[in-house]
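A quick write-up on the structure given underneath.
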Amino acid sequence: MDNTRYESNDLKIICPEDCGNAPKKQFLKELNISFVNNDLVFIIDNITDDFQWNIIGKELIQGKENFIETLKQMQNSKVTELHISKIITHGYDGSINGTLILENKKIYSFCNVYKFTSSRNNSKIKECISYIIELP
């Protein structure tokens, strides 16, 4: 599968090409780009009020407001590269994994597992479980 490269606001994005017939895959790609770009408007519009973010081994954040406050606190960590390896969706579930490179040269491997409110396209996300590992 070929990789597509995007440049946006000093952010390099590398993501495998997809067949183009998977709206939820495109949505998860846009969501993760919004996350690293601190695009709170897009994120707020696409999660439920009772959204829950479980960062395995670190913390559980419950509710949209608490989640947004956490994102605001994370804005100091500027991401310079987002490498998306795989995006998988089926029914109520989706996942995305890849690597983040920060401005301070720290590298993190991640996997986010999502639960949607329904199996239909354009469903909001009600839960995210994140596995994040700092690489040497």
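Some notes on this structure:
- From the options Asn38, Asn54, Asn46, residue that is on the phi > 0 side of the Ramachandran plot, of a type outside the set (Gly, Ala, Ser) and within 15 Å of the chain's Cα centre (by Cα): Asn38
- None of Phe51, Phe42, Phe110 is part of a strand (DSSP E or B), of a type in the set (Phe, Trp, Tyr) and without any contact (Cβ under 8 Å) to a residue 24 or more places away in the chain except Phe110.
- Total residues in segment 21-38, condition part of a loop (DSSP other than H, G, I, E, B) and touching a strand residue (DSSP E or B) at 6+ places or on another chain (Cβ under 8 Å): 2
- Segment 82-111, residues that are charged (D, E, K, R) and within 20 Å of Lys25 (Cβ to Cβ): Lys86, Asp93
- Residue ID - surrounded by the most Cβ atoms within 10 Å (Cβ to Cβ), chosen from residues in segment 35-74 that are of a type in the set (S, T, N, Q) and modelled with pLDDT of 95 or more: Gln52
- Output for segment 6-34, where each listed residue is within 23 Å of His90 (Cα to Cα) and modelled with pLDDT under 90: Pro16, Glu17, Asp18, Cys19, Gly20, Asn21, Ala22
- When Ser123 is tested against (1) more than 11 Å from the chain's Cα centre (by Cα); (2) surrounded by fewer than 17 Cβ atoms within 10 Å (Cβ to Cβ), exactly one condition is not met: (2).
- In segment 75-92, residue surrounded by the most Cβ atoms within 10 Å (Cβ to Cβ) [restricted to those that are more than 14 Å from the chain's Cα centre (by Cα) and not in a loop (DSSP other than H, G, I, E, B)]: Thr80
- Selection status of Asn112, crowded, with 16+ Cβ neighbours inside 10 Å, under 17 Å from Gly57 (Cβ atoms) and in contact with a helix residue (DSSP H, G or I) (Cβ under 9 Å, 6 or more places away or on another chain): yes
The values are calculated or read from the model by the stated rules, or taken from the named source; none is laboratory data. Everything numeric here is computed off the predicted structure, so don't read it as measured data. When we count neighbours, we look across all protein chains shown, and the Cβ atoms used for this are built from the backbone with ideal geometry, even at glycine.
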